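Colleague: Please find one structure pasted underneath; my questions will follow.
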Amino acid sequence: DQQVKQNSPSLSVQEGRISILNCDYTNSMFDYFLWYKKYPAEGPTFLISISSIKDKNEDGRFTVFLNKSAKHLSLHIVPSQPGDSAVYFCAASDLRMRFGAGTRLTVKP
Amino acid sequence: DTGVSQDPRHKITKRGQNVTFRCDPISEHNRLYWYRQTLGQGPEFLTYFQNEAQLEKSRLLSDRFSAERPKGSFSTLEIQRTEQGDSAMYLCASSAEGFTDEKLFFGSGTQLSVL
């Protein structure tokens, strides 16, 4: 069941610019939304989360925005760095965590 | 290292064989999850334990799959009579009850290849 969708399989940005990763969901009962980052041969690692009662959460270079009416969230990375190159998964939680298919971000020097 | 550990990291087996994977969660975490990830997809939920009780199983978990967490600590995932479609990365994750954001901590996974 595709309750969490990441429609862009890849994104390429220049170092120093903004990266915007998008995610859509269908289940309005989700409590929390999370972004995970995954490097090759490693498990996903938690990056940032947002509660369904908020519309923005910021942690350093990373900001997550939630638009509940549109059932959409986005992750902004400013400024982007080459070390940010990884696969980013959007996830949503309603007792169990459901993941999108991921977006591969490449930050070019 | 107090993270989630999984063993083995890689497993190659022939179709029809049985395989077993082990997961050691973060010691103070009482919740343990198994996920499966195939190429180009995100992790898909398989099953969930709270302490030693298996509280939920996905319909993805056919009767060839069985998971245990006998003492509420480590967990094993067994696949019987493996099929080529079982080839995937099997991820274990743990969390502590009461986390406000339900954050999961993942292991590095076991990559299964069924020939």
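The values are calculated or read from the model by the stated rules, or taken from the named source; none is laboratory data. From a predicted model like this one, the values you see are computed outputs, not experimental measurements. A quick note on method: Cβ atoms are made from the backbone with ideal geometry, for glycine too, and the neighbour counts reach across all protein chains shown.
Colleague: Which of the residues that make up the range A:6-65 are outside any loop (DSSP other than H, G, I, E, B) and of a type in the set (A, V, I, L, M)?
Modeller: Passing the criteria: A:LEU11, A:VAL13, A:ILE20, A:LEU21, A:LEU34, A:LEU47, A:ILE48, A:ILE50, A:VAL64.
Colleague: Hey, could you check the range B:8-19 for residues that are in a loop (DSSP other than H, G, I, E, B) and among the charged types (D, E, K, R) and say which is surrounded by the fewest Cβ atoms within 10 Å (Cβ to Cβ)?
Modeller: B:LYS14
Colleague: Let me ask something else about it. Exactly one condition in (1) of a type in the set (A, V, I, L, M); (2) without any contact (Cβ under 8 Å) to a residue 40 or more places away in the chain; (3) away from chain B (no Cβ under 11 Å) is false for A:ILE20; which is it?
Modeller: Going through (1) of a type in the set (A, V, I, L, M); (2) without any contact (Cβ under 8 Å) to a residue 40 or more places away in the chain; (3) away from chain B (no Cβ under 11 Å) one by one, A:ILE20 breaks only (2).
Colleague: Something else about it: For the range A:77-109, how many residues are more than 19 Å from A:GLU42 (Cβ to Cβ) and free of Cβ contacts under 8 Å to residues at least 40 places away in the same chain?
Modeller: Qualifying residue count, the range A:77-109: 2.
Colleague: Name the residue that is modelled with the highest pLDDT, counting only residues in the range A:48-64 that are of a type in the set (A, V, I, L, M, F, W, C) and surrounded by fewer than 18 Cβ atoms within 10 Å (Cβ to Cβ).
Modeller: So, considering only residues that are of a type in the set (A, V, I, L, M, F, W, C) and surrounded by fewer than 18 Cβ atoms within 10 Å (Cβ to Cβ), the one modelled with the highest pLDDT is A:PHE62.
Colleague: Still on this structure, please answer the following. May I ask you to list the residues in the range A:81-106 that are modelled with pLDDT under 95 and at positive phi?
Modeller: Matches in the range A:81-106: A:LEU95 only.
Colleague: Additional query: Among A:PHE46, A:PHE62, which is the only one that is among the aromatic types (Phe, Trp, Tyr) and more than 24 Å from B:GLU44 (Cα to Cα)?
Modeller: Exactly one residue qualifies, and that residue is A:PHE62.
Colleague: Could you check the range B:59-115 and list, in sequence order, the residues that are of a type in the set (D, E, K, R) and outside any loop (DSSP other than H, G, I, E, B)?
Modeller: If the condition is that a residue be of a type in the set (D, E, K, R) and outside any loop (DSSP other than H, G, I, E, B), then B:GLU68, B:GLU78, B:ASP86 are the ones that fit.
Colleague: Another question, if that's okay. Mind counting the residues in the range B:70-112 that are more than 14 Å from every other protein chain (Cβ to nearest Cβ) and either modelled with pLDDT of 95 or more or over 15 Å from the mean Cα position of the chain (by Cα) (or both)?
Modeller: 16
Colleague: When you look at B:LEU91, is it crowded, with 20+ Cβ neighbours inside 10 Å and out of contact with any helix residue (DSSP H, G or I) (no Cβ under 8 Å at 6 or more places or on another chain), yes or no?
Modeller: yes
Colleague: Give the residues of the range A:86-102 that are over 13 Å from A:GLN3 (Cα atoms) and crowded, with 16+ Cβ neighbours inside 10 Å, sorted by residue number.
Modeller: Correct list: A:ALA86, A:VAL87, A:TYR88, A:PHE89, A:GLY102.
Colleague: Ok, one more. Which of the following residues is under 30 Å from A:SER8 (Cβ atoms), exposed (fewer than 14 other Cβ atoms within 10 Å of the Cβ) and in contact (Cβ under 8 Å) with a residue 24 or more places away in the chain: B:LEU39, B:LEU60?
Modeller: When all the criteria are applied, what remains is B:LEU60.
Colleague: Of the residues in the range B:20-58, how many are outside any loop (DSSP other than H, G, I, E, B), of a type in the set (A, V, I, L, M) and within 11 Å of chain A (Cβ to nearest Cβ)?
Modeller: 2
Colleague: What are the pairs, 6+ residues apart or on separate chains, where a residue within the range B:24-35 that is in contact (Cβ under 8 Å) with a residue 40 or more places away in the chain and closer than 19 Å to B:LEU61 by Cβ has its Cβ under 7 Å from a residue that is in a loop (DSSP other than H, G, I, E, B) and not aliphatic (A, V, I, L, M)?
Modeller: B:ARG31/B:GLU97; B:LEU32/B:PRO25; B:LEU32/B:ARG69; B:TYR35/B:PRO43
Colleague: For A:SER80, are the conditions met, namely being within 15 Å of A:VAL107 (Cβ to Cβ) and buried (at least 21 other Cβ atoms within 10 Å of the Cβ)?
Modeller: yes
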